[in-house]
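J.: Sharing a structure here in structure tokens format.
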Amino acid sequence: MVFGSTAAVWRPSQTTASGVRTSASQGWVLPESVLTQVSEAMQPAIRKEWVPLAADGTFTATLTIAEPKLIEGGAVGVYTYAAGGTTNADQEIFIPVNYTSTPVAPEPEQPANPAAPRLTVSPATNLDPTVDQKITVTGAGFAGALAYQGVYVNLGTSGQWTPGTAPSQDGWAAQAYAPAARIAADGSFTTTLTLKAGTAAAGSTYVAAVFCAHACSGSDRSLDAVSGPITFTTKSTGGTLPTPTPVAPPVLAVEGVPTGGGVTAGQSVTIVASGFQPNETGIRLELHSDPIVLATGLTADATGTVRTTVTLPANTPAGSHHLVVIAADGRQVAFPVTVAAATPVCVARVVSGATLTWGVKSDFRDYITGSIANGSITATGVSGSGPWTWSAGSGTFNTNDGVGRAAYAGSVRFSGHGGVLDVTISNPRVQVNSSTSATLVADVRTAEKSYSGIAVATLRLGDGTASRSGDKLTWQGVPATLAAAAAPAFEGFYAAGAALDPVSFTLPLGAETDCTSASGAALAKYGKGGVLATTGGDLDAIAYALLLIAFGGALVLVARRRARTSPVEARVEG
């Protein structure tokens, strides 16, 4: 095989002189089995230019074009002939090449334009409208950016819809959905729809119509396509056939939901589909886009109506979807819905038999029982002599968010200075706000006034030791600090942030129960309202500050009264 120049007529089988041809580049075409028989002296040169010859007599070669020496009056091209000095007229082929020595700029590459979506249908002509017709729709070019949504394939009357305009989801004689998984990489797909007997009239024309599925069906027109005509005729039976009664396409509704209306993942919905044959069987319900079978083996009643209640999967992605009822023969009808994400479920556990151990503050206990206050500490319904342990606590705990509350019964009374100082802390509650924070709340009574639900201390759970054994949560050695608002209660003896005695408590978890404000500090996400309510007299942030200041004022008043009766002792307290 040679690229070069030859005389106008040059064929070795006709003993044409070799001087009337030139070779600019060449290749040796032969099977490898023959190449191995070439003499060793010729092997290197031939292998350098070797082109494999297949068993069927074909080969493919690439030649590097070199400028040939032109034969006057001859031609330039590629020609083949038998090698090794033999002749074989059948192998003498010449293909001319339009050759020039002037460099030619390559033509710029044109960007490939993807073919527009197109459809073919089969069968498509002279169909009998009096029998069921299975029509196969084949699509090509459906590889646009939105092809991942899949496409809706429909059969309807000619002119029912114009590509480039938003289509209606209703009124089609037959419908199908081709998900992305059934569309090949090159944008092709095939699906078969059944047009029921009596749907089309003799002499009518139908088409196949395809457009983008789901949310993009109303806004994107890049996948719009309509097939050529599908024609119907009446076959001659020797008489006049009665005009068939048109069969309306199935109709689908969802009770309490308008077309395109909102539903929630995890919600139960009742669908009602009519237009099927009386007592028709083998009907199923699916949720699209990615088909999820919701119900199978459904049967229409005597009126051709299917009714069933199903629960939408809780993990259904938010967005546009379709409920699709599909008959055994492929007929289907779709109902668009907008799905909202499922509301998270709040799971709370009953707390029973909880314990709380706390000593308020050790040097405060020492002061009360010391020679200055000369008082006493009385515990009721609690154990120990300081720290004390409250038992039989109860409440709820939200295991989703790690928040909850336990309340305990019992009290500790501090009395000194002949009854001028009289403080009782009772009914403590631990409110766990997060994995790192909690609040110790209690009822406080002084000689002047009683307060319900005072936040006594802030608990740093993250600095204590937390553990779980089975269904029992335990925190030990949790640091407790005095809030800035509570500092005046100690008349400067304890500054804001001063450490109180550490707190330890347990929360045994029992049966599940409804979440309330006491067991969920952020119930809005569960559809149960706002943040933790200030029920039962427990304080919010503002009340927290005001009540602690009031509590502090009561102790200041005690100190002032004591100052008037015993100046020496008042100075020691300060």
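J.: Would you please name the residue that is nearest to Thr396 (Cα to Cα), looking only at residues in the range 346-373 that are surrounded by fewer than 21 Cβ atoms within 10 Å (Cβ to Cβ) and among the small types (Gly, Ala, Ser)?
T.: Applying the filter and picking the extreme gives Ser352.
J.: Can you confirm whether the range 59-66 contains a residue that is closer than 19 Å to Pro12 by Cβ and among the hydroxyl-bearing types (Ser, Thr, Tyr)?
T.: Taking every residue of the range 59-66 in turn, none turns out to be closer than 19 Å to Pro12 by Cβ and among the hydroxyl-bearing types (Ser, Thr, Tyr).
J.: Further question: Kindly indicate whether Ala302 is over 30 Å from Thr192 (Cα atoms), of a type in the set (A, V, I, L, M), in contact (Cβ under 8 Å) with a residue 12 or more places away in the chain and assigned to a loop (DSSP other than H, G, I, E, B). Working first, answer last.
T.: Details: over 30 Å from Thr192 (Cα atoms): no; of a type in the set (A, V, I, L, M): yes; in contact (Cβ under 8 Å) with a residue 12 or more places away in the chain: yes; assigned to a loop (DSSP other than H, G, I, E, B): yes.
So Ala302 does not fit the description; no.
J.: Scan the range 252-278 residue by residue and report those that are surrounded by 12 or more Cβ atoms within 10 Å (Cβ to Cβ) and out of contact with any strand residue (DSSP E or B) (no Cβ under 8 Å at 6 or more places or on another chain).
T.: Answer for the range 252-278, where residues must be surrounded by 12 or more Cβ atoms within 10 Å (Cβ to Cβ) and out of contact with any strand residue (DSSP E or B) (no Cβ under 8 Å at 6 or more places or on another chain): just Gln277.
J.: Name the residue, out of Gly353, Gly393, Gly386, that is in a strand (DSSP E or B) and at positive phi.
T.: None of the other options fit; the residue is Gly353.
J.: Taking the conditions exactly as written (of a type outside the set (Lys, Arg) and surrounded by 13 or more Cβ atoms within 10 Å (Cβ to Cβ)), does Thr281 satisfy them or not?
T.: Judged against the criteria, Thr281 is not a match.
J.: Quick test of your reading of the structure: Ala406 fulfils all but one of (1) buried (at least 20 other Cβ atoms within 10 Å of the Cβ); (2) within 14 Å of Val360 (Cα to Cα); (3) at pLDDT 90 or above. Name the failing condition by number.
T.: (2) is the only condition that Ala406 fails.
J.: Here's something else I'd like to know. Output yes when any residue across the range 349-364 is of a type outside the set (Lys, Arg), under 17 Å from Ile425 (Cβ atoms), in contact with a helix residue (DSSP H, G or I) (Cβ under 9 Å, 6 or more places away or on another chain) and free of Cβ contacts under 8 Å to residues at least 40 places away in the same chain, and no when none is. Even if it seems obvious, please write down each step before you answer.
T.: Residues of the range 349-364 of a type outside the set (Lys, Arg): 350-360, 362-364.
Narrowing further to those that are under 17 Å from Ile425 (Cβ atoms): 355-360, 362-364.
Right, trim to in contact with a helix residue (DSSP H, G or I) (Cβ under 9 Å, 6 or more places away or on another chain) and you get 359, 364.
Checking the rest, the ones that are also free of Cβ contacts under 8 Å to residues at least 40 places away in the same chain come to none.
No, there is no match, as no residue in the range 349-364 is of a type outside the set (Lys, Arg), under 17 Å from Ile425 (Cβ atoms), in contact with a helix residue (DSSP H, G or I) (Cβ under 9 Å, 6 or more places away or on another chain) and free of Cβ contacts under 8 Å to residues at least 40 places away in the same chain.
J.: Taking the condition within 30 Å of Ser217 (Cβ to Cβ), over 29 Å from the mean Cα position of the chain (by Cα) and not in a strand (DSSP E or B), does Asp329 pass? Even if it seems obvious, please write down each step before you answer.
T.: Values: within 30 Å of Ser217 (Cβ to Cβ): yes; over 29 Å from the mean Cα position of the chain (by Cα): yes; not in a strand (DSSP E or B): yes.
Taking the combined requirement at face value, the residue satisfies it.
J.: Then there is this: Would you be able to say whether some residue in the range 219-241 is among the aliphatic types (A, V, I, L, M), within 23 Å of Gln160 (Cα to Cα), at pLDDT below 80 and touching a Ser or Thr at 6+ places or on another chain (Cβ under 7 Å)?
T.: Of all residues in the range 219-241, those among the aliphatic types (A, V, I, L, M) come to 223, 225-226, 230, 241.
Then keep just the ones that are within 23 Å of Gln160 (Cα to Cα); that gives 223, 225-226, 230.
Next, only the ones that are at pLDDT below 80 stay: none.
Checked against the condition, which is being among the aliphatic types (A, V, I, L, M), within 23 Å of Gln160 (Cα to Cα), at pLDDT below 80 and touching a Ser or Thr at 6+ places or on another chain (Cβ under 7 Å), the range 219-241 yields no hits at all.
J.: Are there strands (runs of 3 or more DSSP E) fully within the range 104-214 with at least 2 residues that are β-branched (Val, Ile, Thr)? List them.
T.: 118-122, 133-140, 151-157, 189-195, 205-212
J.: Could you give every pair whose Cβ atoms fall below 6 Å, whose first residue belongs to the range 170-193 and is crowded, with 18+ Cβ neighbours inside 10 Å and of a type in the set (S, T, N, Q), and whose second residue is assigned to a strand (DSSP E or B) and modelled with pLDDT under 85, counting only separations of at least 6 or pairs across chains?
T.: Short answer, once both residue conditions are applied: Gln175/Gln332.
J.: Return the residues of the range 410-460 that are aromatic (Phe, Trp, Tyr) and surrounded by fewer than 20 Cβ atoms within 10 Å (Cβ to Cβ); say none if nothing qualifies.
T.: Correct list: Tyr451 only.
The values are calculated or read from the model by the stated rules, or taken from the named source; none is laboratory data. Since we're looking at a predicted model, the values are computed, not measured. Positions of Cβ are generated from backbone atoms using ideal geometry, with glycine treated the same way; all protein chains shown enter the neighbour counts.
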